[in-house]
């Protein structure tokens, strides 16, 4: 047998959308996330419109559709025989509709963004007061779940953000929450400027589901630990041709790139709490002065006090103050997986495509460069570009260094190599 990959594209209401797969000519999905940045997702789909069914006002089946009130739902389906197993790859909301029609031939290109990116344009209000301070999850929930952020309803009665926190509740820093107005523009600004840098969170939107009449926009937060929980942890192993077995996956030598990480180097970090009386706290990596100061500033966080702000600044300079030569991208394709991977790799391949399972996971890559000995690197997936045509599916992963981007995992990490605790 062999692993096959097909796609399903639905557009419309959250519950009961229309299957547009037969019209899809090509599709491109881009998703990325990093420390202290809200994850984003975009999908661009070109649809065949030779029959004019999609032309606004043209009298066809969808001529009166309000495209900007519709959702896009992309699923990958894999199998090694009879019966497909599906996984969510992208869910989002249409933000652009481009018709090309010369009178004889017509296409429509639809652009969709993840729901959080769309909804976070909502102008904010005051955080609910719960005394002088509260926990990170409570503040995140107050911003995203139930404090005025407006998600598109997608023909449901209501819509809301649902955050899944993949970290342990104990040992978490307490954040400032005086109930003051901290949302001068939008919820995107509130999340990016105030909340996420307070704990250097890794957070991104995933799929759109429903609970009764409510559309649920699901979001993952890895928080202070920046590490997938044990229940959601997957390791992806890429081996060179001739060495692939079990659940390992193949990769394209031409799509494998290495580079120094100097563009993201942090040798100095400045963090300040937004509350009155707090001062800017600065951490400098004194062991790495060769490159000058590569400084980041987060000067409006919800740190509960100056000590908490300094702790967070120190974490950033400890983690990201070392120049490393590391794999930065790797490419594989559905056709390569079908030709080279064992049947046992089907679930691994499907999980790699999933929005909830394919991001911020441990990736082990073994390769041999020209004139060099075999090497193995440990990376984390920070994003991916998925290009789909009728001929093939091409997946390019964007990578970061594993040791710098997670907390120590017992029975997985190595002493004197990986980092103990969060530091």
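Quick notes on this structure:
- Scan of region 357-370 for residues that are at pLDDT 95 or above and buried (at least 18 other Cβ atoms within 10 Å of the Cβ), ordered by number: 357, 358, 359, 360, 361, 362, 363, 365
- Complete set of residues in region 368-383 that are touching a residue at least 60 places away in the same chain (Cβ under 8 Å) and either farther than 22 Å from residue 398 by Cβ or not in a strand (DSSP E or B) (or both): 368
- Test result for residue 347, assigned to a helix (DSSP H, G or I), surrounded by fewer than 18 Cβ atoms within 10 Å (Cβ to Cβ) and in contact (Cβ under 8 Å) with a residue 40 or more places away in the chain: yes
- Here the condition is being part of a loop (DSSP other than H, G, I, E, B), surrounded by fewer than 16 Cβ atoms within 10 Å (Cβ to Cβ) and either at pLDDT 95 or above or more than 29 Å from the chain's Cα centre (by Cα) (or both); of 60, 83, it holds for 60 alone.
- For region 197-212, a tally of residues being in a strand (DSSP E or B) and either surrounded by 24 or more Cβ atoms within 10 Å (Cβ to Cβ) or in contact with a strand residue (DSSP E or B) (Cβ under 7 Å, 6 or more places away or on another chain) (or both) returns 8.
- Residues (touching a helix residue (DSSP H, G or I) at 6+ places or on another chain (Cβ under 7 Å) and not in a strand (DSSP E or B)) located in region 295-311: 302
- Any hit, region 13-25, residues being assigned to a strand (DSSP E or B) and within 29 Å of residue 329 (Cα to Cα): yes
- Among the criteria (1) surrounded by fewer than 20 Cβ atoms within 10 Å (Cβ to Cβ); (2) closer than 25 Å to residue 41 by Cα; (3) in contact with a helix residue (DSSP H, G or I) (Cβ under 7 Å, 6 or more places away or on another chain), the one residue 329 does not fulfil is (3).
- Any hit, region 238-260, residues being outside the structural domain of residue 365 (by TED's automatic domain parsing), touching a helix residue (DSSP H, G or I) at 6+ places or on another chain (Cβ under 6 Å) and in contact (Cβ under 8 Å) with a residue 40 or more places away in the chain: no
- A single entry from 215, 269 fulfils the requirement of being in a strand (DSSP E or B) and outside the structural domain of residue 165 (by TED's automatic domain parsing): 269.
- Region 319-335 - residue that is out of contact with any strand residue (DSSP E or B) (no Cβ under 7 Å at 6 or more places or on another chain) and in contact (Cβ under 8 Å) with a residue 60 or more places away in the chain and, of those, farthest from residue 36 (Cα to Cα): 322
- Looking only at residues in region 107-121 that are crowded, with 17+ Cβ neighbours inside 10 Å and part of a loop (DSSP other than H, G, I, E, B), the one that is modelled with the lowest pLDDT is 120.
- Criterion applied to 76, 104, 2 was being touching a residue at least 12 places away in the same chain (Cβ under 8 Å) and either surrounded by fewer than 17 Cβ atoms within 10 Å (Cβ to Cβ) or out of contact with any strand residue (DSSP E or B) (no Cβ under 9 Å at 6 or more places or on another chain) (or both), and the one residue passing it is 2.
The values are calculated or read from the model by the stated rules, or taken from the named source; none is laboratory data. The structure displayed is predicted, hence computed values, not measured ones. FYI the Cβ positions are ideal-geometry reconstructions off the backbone, even for glycines, and counts take in every protein chain you see.
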